[in-house]
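Everything on this sheet refers to the single structure shown next.
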Amino acid sequence: MNNSPLLKIEELRTYFYSRTKQAFIRSVDGVDLEVNKGDTLGIVGESGSGKSVSMLSIMGLIAARPGIITGQVWYQQEQARINLLAGLQDHVQVSKNDGRIMSVEKTDLAWQRRLEKNMLGIRGKEIAMIFQNPKSAMNPFFTIGHQIVENITRHTQYKSRKEAKERALYWLERVKIDSPQLRFYNYPYGLSGGMCQRAMIATALSSEAKLLIADEPTTGLDATIQARIADLLEELRAQTGVTIVLISHDMGVIGRLSNKIAVMYGGRVMESGPAQAVIDHADGKSHPYTEALLKSIPREDNMSSQGHLNSIDGEVLDTINVPRGCRFASRCQRINKSIEKMCLNEEPPLATVSDGHKIRCWHFAGV
Amino acid sequence: MMVSRSAKPVVLYLTRELYVTFFLLIGVSLVVFAVLYSAPGDPLAAVFGGQVLSDAQREEMMRNLGISNTWYGQYWSWLVKLFNGDFGTSLRSGQPVLGEVTKLAKNTFYLTFGAMFFSLMIALPIAIYLAKRGTDRLGWVLMMFAYTTSAVPLFWSAYIVIYIYTRFFNTLPIGLATGESMNFTQMMLPVFMLGLGSGIISETVRFLRDEISRVFSEDYVRTARAKGVSVWKHALTEALIIPVSEMIASKIPFVIGGAIIVEQIFNWPGIGRMAWQAAQDRDYPVIMCITLVTALIVRLTSLLQKTLYVIVNPRASQETKTS
């Protein structure tokens with residue numbers, strides 16, 4: 001039982017129907033991921049790579065019309081292993097060859113109901129989530145204390161107001177908010193961004209969820225605050241043993257916190273594996289996209305000859321008309337004559353290069 | 001310092017707003033007076049049963065009655081009396097105006113707020129349905145219903161309803177003013193008609209639908225969903241309480257306007273019908289008093305709405321405290 005991962009995502013697809021274009025936008029297009037207990041999985045990728053959407057899908061936070069989700073998300077509860085997306089496939093037509101969503105039932109009501117039913121007892125209780133822009137992600141009409149207490153009475157054994165309040169104060173202290181007794185009665189607008197993010201972390205953890213999904217928790221905060229929030233997350237993980245999925249476009253934050261990394265591009269996982277193996281990109285040992293991402297971290301040795309920071313040329317993938325071949329091919333620097341044909345015509349498989357380290361690239365497929 | 005929800009910012013806010021209300025009412029009375037003064041028709045002639053008076057007769061009568069020649073003189077004497085609690089006497093009935101108006105204002109109050117309530121009872125479910133489900137087949141029907149009720153003019157639909165009512169019940173659904181005993185449906189018919197026909201349903205539906213869908217896509221509502229707690233509890237304040245109170249406050253003048261027509265048609269003894277009558281009789285003191293009372297009702301409603309807003313919105317109460 002210990003061996004089975006806490007969260008196993010198989011063939012997750014999240015499409016959005018665009019009315020104006022009369023086509024599906026394939027935001028997440030067949031994602032497979034595993035998160036083991038106690039791990040911190042960092043998902044990295046540029047905007048539009050589908051990293052946020054895939055995690056929102058796991059929580060069922062994609063609303064039907066225009067969104068639609070299929071695939072399996074196996075969540076390991078104490079006794080049973082449950083599929084969070086069970087039954088959703090019944091309402092969609094899926095292509096037999098490649099599993100793409102072809103069409104959706106006319107009414108998505110049943111789909112939405114099924115999703116809500118699946119998520120009952122999972123959201124908040126088993127999987128908690130924190131978001132970016134904490135000030136808008138906390139309810140401006142309720143006090144911080146209220147929002148934590150609400151989570152505690154709902155999901156834990158502390159049901160009475162007094163107990164729940166004590167517990168909330170305990171969590172406010174855990175996330176190192178100064179004078180929690182006062183902050184308890186504050187509204188979100190009265191707190192700074194960093195403070196608000198701490199309050200949100202306290203809220204999320206207060207339900208004693210086993211998995212914490214952090215959706216760009218440091219984005220939009222000052223650089224110094226970013227580092228402190230990252231440290232706090234790391235500290236809390238070490239203390240509580242909570243499993244974390246960290247979404248970020250910031251390689252720095254990802255490298256600092258996670259022991260596993262998944263790199264996403266165009267709705268697909270391009271590379272995944274232990275943090276060390278992924279980050280070590282010398283001599284073309286990692287995916288060209290990962291390499292390009294790592295080369296665009298603001299650092300002295302990443303400066304180009306003109307003194308600019310390296311960047312990835314080209315446009316973000318068009319997720320409506322997804323190319324036949326490798327999704328990154330049009331922007332790839334390491335594409336060469338010998339494999340060009342493959343790159344443009346056939347999507348590479350996720351090849352295992354070393355223990356747990358997988359790369360989706362033709363450079364590695366043959367090896 | 002501990003920040004608690006004390007009533008203090010609200011009180012502070014209200015006192016300031018009441019000052020504004022005072023000057024606002026003075027302004028309203030001045031404008032209405034100016035309009036009445038420059039309007040054709042002679043109130044003195046009305047007093048004397050519609051005789052045409054010669055200039056000499058008028059001069060003499062005005063001197064006898066102590067009426068000033070100038071408009072500001074006349075306004076001033078009205079205003080001084082007003083501050084002594086005297087709204088003057090009706091030119092038509094000879095009764096003190098204030099007593100009559102307040103007696104009838106009560107009926108208009110029931111009519112307008114009853115109609116408002118009825119409109120909201122129809123508009124709210126439609127708005128929620130449209131916000132949650134979008135314009136599907138039922139949604140389309142509901143929306144068309146809302147638009148149709150608002151598009152049909154009240155003076156026409158009210159007569160149609162009276163016609164239908166008399167066909168099926170063999171009585172007229174009117175006559176509250178005549179003191180006949182009436183059953184509940186008869187009493188409620190004007191309220192329903194005003195609620196349907198005052199034109200606020202479609203606007204309420206549109207406004208609320210947009211507000212609800214906007215609030216439900218707010219980040220904090222998504223957070224509530226991710227927490228597995230009641231989404232409506234989190235969205236309630238911004239998606240319903242604030243927009244509904246705004247809607248009531250901003251639409252009450254329109255409903256009062258519609259009440260004049262409904263009171264006329266259904267013989268409802270309210271100030272709308274009284275104002276209509278007074279306008280025909282050139283009964284200036286009555287018109288002035290009704291205008292002031294109506295302005296006061298409108299103003300108080302919007303004050304109430306703003307107070308509510310300050311109470312439910314912690315941020316707003318913070319702002320009023322510091323400003």
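Listed by chain and number, the aspartates and glutamates whose C-alpha is less than 15 Å from the C-alpha of A:Lys135, apart from same-chain residues fewer than 8 away, are A:Asp215, A:Glu216, A:Asp222, B:Glu218, B:Asp219.
When only alpha carbons are used to place a centre, the stretch A:213-232 and the stretch A:128-181 end up 19 Å from one another. For chain B, a Gaussian network of Cα nodes joined below 10 Å ranks B:Ala224, B:Ala295, B:Ala123 by mean-square fluctuation, and the top entry is B:Ala224. Ordering B:Tyr110, B:Tyr284 by the number of other Cβ atoms within 10 Å of each residue's own Cβ, fewest first, gives B:Tyr110, B:Tyr284.
Per residue, the average separation of C-alpha pairs within less than 8 Å and at least 6 apart gives chain B a relative contact order of 28 percent. Within the straight-line cut-off of under 19 Å between alpha carbons, the aspartates and glutamates reachable from A:Lys165 are A:Glu150, A:Glu173, A:Asp178, A:Glu208, sequence neighbours fewer than 8 places apart in one chain being disregarded. Partner shielding of A:136-146 amounts to 5, given as the average count of beta-carbon atoms from other chains within 10 Å of each residue beta-carbon.
When +1 charges are put on Lys and Arg Cβ atoms and -1 charges on Asp and Glu Cβ atoms, the dipole computed for the protein assembly as shown relative to its Cα centre reaches about 1060 debye.
Whole-Hz Karplus values for the stretch B:59-68 come out as 3, 5, 5, 5, 5, 4, 7, x, 9, 6 Hz, taken residue by residue from phi with 6.51 cos²θ - 1.76 cosθ + 1.60 and θ = phi - 60°; glycine and proline positions read x. For the stretch A:270-365, the dipole from Cβ point charges (+1 on Lys and Arg, -1 on Asp and Glu) about the Cα centre works out to 220 debye, to the nearest 20.
Return a single number: how many Lys pairs in chain B, at a sequence separation of 8 or more or on separate chains, have alpha-carbon atoms below 18 angstrom apart.
Numbers: B:Lys8/B:Lys306; B:Lys8/B:Lys321; B:Lys132/B:Lys233; B:Lys251/B:Lys306; B:Lys306/B:Lys321.
For chain B, qualifying lysine pairs total 5.
Between the residues A:Ala329, A:Ser304, A:Ala292, the greatest Cα displacement towards the positive end of the dipole of the stretch A:270-365, with unit charges on the Cβ of Lys, Arg, Asp and Glu, is found for A:Ala329.
All Cα-Cα separations within the protein assembly as shown were binned at 10 Å from zero, giving a P(r) of 3, 12, 17, 18, 15, 12, 9, 7, 5, 2, 1, 0, each value a whole percent of the pairs.
List the GluC sites (Glu not before Pro) within the stretch A:1-91 that fall in a DSSP loop (any state other than H, G, I, E or B) and whose Cβ has at most 14 other Cβ atoms within 10 Å.
A:Glu78
Distant-in-sequence amide contacts of A:Ile130, defined by a placed amide H-H separation under 5 Å and a gap of 5 or more residues or a different chain, comprise A:Ile213, A:Ala214, A:Asp215. For the stretch A:120-179, the set of trypsin sites (Lys or Arg not before Pro) satisfying both a DSSP loop assignment and a count of at most 16 other C-beta atoms within 10 Å is given as A:Lys159, A:Lys176. Contact order for the stretch A:270-365, expressed relative to its length and based on alpha carbon pairs under 8 Å spaced 6+ residues apart, stands at 30 percent. Residue by residue along A:124-132, Cβ atoms of other protein chains within 10 Å of the local Cβ number 3 on average.
Computed 3J(HN,Hα) for the stretch A:161-172, one whole-Hz value per residue from the Karplus formula 6.51 cos²θ - 1.76 cosθ + 1.60 where θ = phi - 60°, is 4, 5, 4, 4, 5, 4, 5, 4, 5, 4, 5, 4, glycine and proline marked x. Loop-resident trypsin sites (Lys or Arg not before Pro) (DSSP state other than H, G, I, E or B) in the stretch A:256-359 with no more than 13 further Cβ atoms inside 10 Å of their Cβ: A:Arg299, A:Arg324.
Of the beta bridges in chain A, as assigned by DSSP with both residues counted there, near 65 percent are antiparallel. Averaging the sequence gap over all C-alpha pairs within less than 8 Å and six or more residues apart, then dividing by the number of residues, gives chain A a relative contact order of 18 percent.
Taking the Cα centre of the stretch B:17-96 as origin, sum charge times position over the Cβ atoms of Lys and Arg (+1) and Asp and Glu (-1), and report the length of that vector in debye to the nearest 20.
For this selection, approximately 80 debye.
Couplings for the stretch A:205-214, taken from phi via the Karplus curve 6.51 cos²θ - 1.76 cosθ + 1.60 with θ = phi - 60°, read 6, 4, 7, 6, 6, 8, 10, 10, 9, 10 Hz in order; Gly and Pro are left as x. The alpha-carbon of A:Lys285 sits under 21 angstrom from the alpha-carbons of these lysines, leaving out residues fewer than 8 places away in its chain: A:Lys260, A:Lys295, A:Lys337, A:Lys358.
Only the coordinates and a few stated rules stand behind these numbers; no lab work does. The model shown is predicted, which means the values in this text are computed figures rather than measured ones. Every residue, glycine as well, gets a Cβ built from its backbone with ideal geometry; the counts of neighbours run over all protein chains shown.
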